[in-house]
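S.K.: First the structure, then my questions, so here it is.
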Amino acid sequence: MASPEEELIEQLNNHKILALDCADGKLDFWQFVKLYDNFYHSYALDGHEANGVNHKLLQKHSREIEFHKAIYDQVLSIVCSDSDANNLAYIKAGRISSTEAQKIVKQLCESST
């Protein structure tokens, strides 16, 4: 049985690989979204569900976690459907298409290595 830290590291690495595969075009953006499953929030990487021990783990791996926070903040929270991406209201609201989102994923991957 894996320790909490081993499990965290495995999840961080697995989800980073998904982002890298999206960035490289090996994974369609919408497939990435489905598989990535809003990882930052679904795995409570913001620490809202953590106890003292888990807070220490999150702090220890904060650099890796920041990458996934950036994926959420800069991509997942603002991407919209491709059909809505050309709608003026969505543009004014700062929404982006899947093509633009994939470019940002690539930039984040490149800057995290």
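Throughout, read-outs are computed from the coordinates displayed, never taken from laboratory work. Remember, it's a predicted structure, so these values are computed and weren't measured experimentally. Cβ: placed from backbone, ideal geometry, glycine included. Neighbour counts: every protein chain shown.
S.K.: Could you look through segment 1-38, keep only residues that are outside any helix (DSSP H, G or I) and charged (D, E, K, R), and pick out the one that is nearest to Leu76 (Cα to Cα)?
M.R.: Here the residue is Asp37.
S.K.: So, one more: Among the residues of segment 65-95, count how many are part of a helix (DSSP H, G or I) and surrounded by fewer than 17 Cβ atoms within 10 Å (Cβ to Cβ).
M.R.: So the answer is 8.
S.K.: Right, another one. Please specify each residue of segment 34-52 satisfying the condition of being surrounded by fewer than 19 Cβ atoms within 10 Å (Cβ to Cβ), closer than 18 Å to Lys69 by Cα and not acidic (Asp, Glu).
M.R.: Answer for segment 34-52, where residues must be surrounded by fewer than 19 Cβ atoms within 10 Å (Cβ to Cβ), closer than 18 Å to Lys69 by Cα and not acidic (Asp, Glu): Lys34, Leu35, Asn38, His41, Ser42, Tyr43, Ala44, Gly47, His48, Ala50.
S.K.: Further question on the same structure: Do you know which of the residues in segment 96-113 that are touching a residue at least 12 places away in the same chain (Cβ under 8 Å) and in a loop (DSSP other than H, G, I, E, B) is farthest from Asn38 (Cα to Cα)?
M.R.: It comes out as Ser112.
S.K.: Oh, and also: Looking only at segment 80-113, which residues are within 21 Å of Leu20 (Cα to Cα) and either polar (S, T, N, Q) or touching a Ser or Thr at 6+ places or on another chain (Cβ under 6 Å) (or both)?
M.R.: Ser97, Ser98, Thr99, Gln102, Gln107, Ser111, Ser112, Thr113
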